[in-house]
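Here is the structure we will look at, set down as structure tokens.
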Amino acid sequence: MEQLTLPKDFFFGAAMSGPQTEGEWKSGGKLENLWDLWSNLELDAFHNRVGSYGGNDFTRRHNEDFQIFKDLGLTSFRTSIQWSRLLDEDGNVNPEGEKYYHELFADAAASGLECFVNLYHFDMPAYLFRRGGWENREVVEAYANYAAKAFELFGKEIRCWFTFNEPIVEPDQRYQNGVWYPYLHNFNRAKVVQYNISVAHSLAVAAYRRAKAAGLMREDSRIGLINCFTPPYTRENPSEADLEAVRMTDGINNRWWLDLVTKGELPADVLDSLASRGVELPIRPGDAEILAQGKVDWLGCNYYHPERVQAPSREVDESGCPVFAEPYVWPEAKMNESRGWEIYPKGIYDFGMKLKNEYPELEFFVSENGMGVEHEWDFRDAETGVIQDDYRIEFVREHLAWIARAIADGANLVGYHYWAVVDNWSWSNAFKNRYGFVEVDLEDGYKRRLKKSANWLREVTKTHTLTVEEGK
């Protein structure tokens, strides 16, 4: 067995989002967001017909959740402001929305928790989506206005800000893979969205810098970006075509954002490869100067699984989208069958080494990591009623072990937020896969109940030590 220690100042926290937890979808002047729109149009698209309306009852139960976080030894949590709750259709502040977040942040502070705030988590106001969403540069400018107002309103309350969560996901899920409404399969539109989100991020960072210079922010505040980073791997003894698949997978999903937040530019080789396949980005005069403002103070890394790729067998898919890589099935892969994702804890170490070697000045934390499991009630102890989620303990222990090794080997890695400490609503999957250390009982008024893993987590946050099998 191997005993590993995390630094004393390494922080633990909870990752969550506004649209997945708050509920109260029509109260307090909140506008319809894209998830509300989809829920109203097509409720059957959501697991067990559970749409966006309830979240996990966080609005009414947040003080209870804060006490749970504190009891588990967590010192921070990350949530998001909902654009659709804070502003009205004219881009002006909704007073009830402003009050909602002032009270939330005050309650967090009173509980002794630091709140990290993200500005966007896939939840565009529906009226802006109808105007073209991220394909429309006017919506990009509307986001910059929203960000500036959030900084002005809450700059003295919040230290840690983030512009976007997982900006790669909406281009993929909505515009390319057709998984989310409106089910599009258009690679060029997906890259237009990805590019415009990059511009939006940079405009928001510029707005943050202006607000800080004007004395509207805390002196110790900082700005970042959160993305889901998937280290790419390929077969042993790869061909040149396999390595090319790795280059483009890494370039579009990882280097695009890493270059943006450290260099203020997008990777030229990726842009050239996209252009060679007919992709037309809406680059405007002056955009280079805007992107140059996108450098951040630190980075959030969401890590769930690696990306295993190989050379594609075709130039385009059935929808006409260019194919740069195809999945490679690693024979030794360990899978989370509920989610269909490979469990590969060493990937977070490899990503940490990539940042150490290629982006050495960039501080980062693991901003999401978690294991979603279907039918967790099958693991409930008959006598105590407690879910025996030993699989989750193993998952987190092994990821934290590789985090400890990465830090020991020089990674600038400072903290860990678990997704999601309390079970929450998960987009079209609703409550299908449960992630929490804490159960939410939908049949008993959203009651919270600790799972076995919660007691294990409490000990880890207290001692900052782990005992694992060698190499695990």
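Can you pull out every residue in segment 367-407 that is among the acidic types (Asp, Glu) and assigned to a strand (DSSP E or B)? Within segment 367-407, GLU368, GLU374 meet the criteria.
Determine, yes or no, whether ARG284 is open to solvent by 80 Å² or more (accessible area, probe 1.4 Å), at pLDDT 95 or above and more than 27 Å from VAL205 (Cβ to Cβ). Considered against the rule, which asks whether it is open to solvent by 80 Å² or more (accessible area, probe 1.4 Å), at pLDDT 95 or above and more than 27 Å from VAL205 (Cβ to Cβ), ARG284 comes out as no. Restricting attention to segment 104-156, the residues that are open to solvent by less than 10 Å² (accessible area, probe 1.4 Å), in a helix (DSSP H, G or I), closer than 24 Å to ARG222 by Cβ and not aliphatic (A, V, I, L, M) total 4.
Within segment 97-118, can one find any residue that is within 23 Å of the chain's Cα centre (by Cα) and of a type in the set (Val, Ile, Thr)? Yes: segment 97-118 contains one or more residues that are within 23 Å of the chain's Cα centre (by Cα) and of a type in the set (Val, Ile, Thr).
Here's the yes/no breakdown for (1) in contact (Cβ under 8 Å) with a residue 60 or more places away in the chain; (2) crowded, with 23+ Cβ neighbours inside 10 Å; (3) in contact with a Pro (Cβ under 8 Å, 6 or more places away or on another chain); (4) not aromatic (Phe, Trp, Tyr):
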| position | (1), (2), (3), (4) |
| --- | --- |
| TYR359 | yes, no, no, no |
| VAL366 | yes, yes, no, yes |
| MET371 | yes, yes, no, yes |
| GLU376 | yes, no, no, yes |
| THR384 | no, no, no, yes |
| GLN388 | yes, no, no, yes |
| ALA401 | yes, yes, yes, yes |
| ARG405 | yes, no, no, yes |
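Looking across segment 255-278, the residues that are under 30 Å from SER239 (Cα atoms) and in contact with a Phe, Trp or Tyr (Cβ under 7 Å, 6 or more places away or on another chain) come down to LEU258, LEU266, PRO267, VAL270. Of all the residues in segment 213-235, those that are open to solvent by 40 Å² or more (accessible area, probe 1.4 Å), farther than 13 Å from PHE365 by Cβ and part of a strand (DSSP E or B) number 1.
Kindly establish whether VAL193 is touching a residue at least 40 places away in the same chain (Cβ under 8 Å), of a type in the set (Val, Ile, Thr) and touching a Gly at 6+ places or on another chain (Cβ under 6 Å). No; evaluated as a whole, the condition is false for this residue.
Looking only at residues of segment 423-434 that are within 16 Å of the chain's Cα centre (by Cα) and open to solvent by less than 10 Å² (accessible area, probe 1.4 Å), we find that the one that is farthest from VAL50 (Cα to Cα) is ASP423. When the residues of segment 169-202 are filtered to those that are open to solvent by 10 Å² or more (accessible area, probe 1.4 Å) and β-branched (Val, Ile, Thr), the one that is farthest from GLY286 (Cα to Cα) is VAL179. Residue selection: VAL323 fails the criterion of being modelled with pLDDT under 95 and among the aliphatic types (A, V, I, L, M). In summary, strands (runs of 3 or more DSSP E) completely within segment 1-95 and bearing 3 or more residues that are of a type outside the set (A, V, I, L, M) and over 22 Å from the mean Cα position of the chain (by Cα) occur at 2-5. Yes or no: GLY410 part of a loop (DSSP other than H, G, I, E, B), at pLDDT 95 or above and either open to solvent by 40 Å² or more (accessible area, probe 1.4 Å) or under 22 Å from VAL366 (Cβ atoms) (or both)? So GLY410 fits the description; yes.
The values are calculated or read from the model by the stated rules, or taken from the named source; none is laboratory data. Quantities reported herein were computed from a predicted structural model and do not represent experimental measurements. FYI the Cβ positions are ideal-geometry reconstructions off the backbone, even for glycines, and counts take in every protein chain you see. Side chains are part of the model used for accessible areas, which takes the heavy atoms of the whole protein and leaves out ligands, DNA and RNA. Shrake-Rupley method; radii C 1.70, N 1.55, O 1.52, S 1.80 Å.
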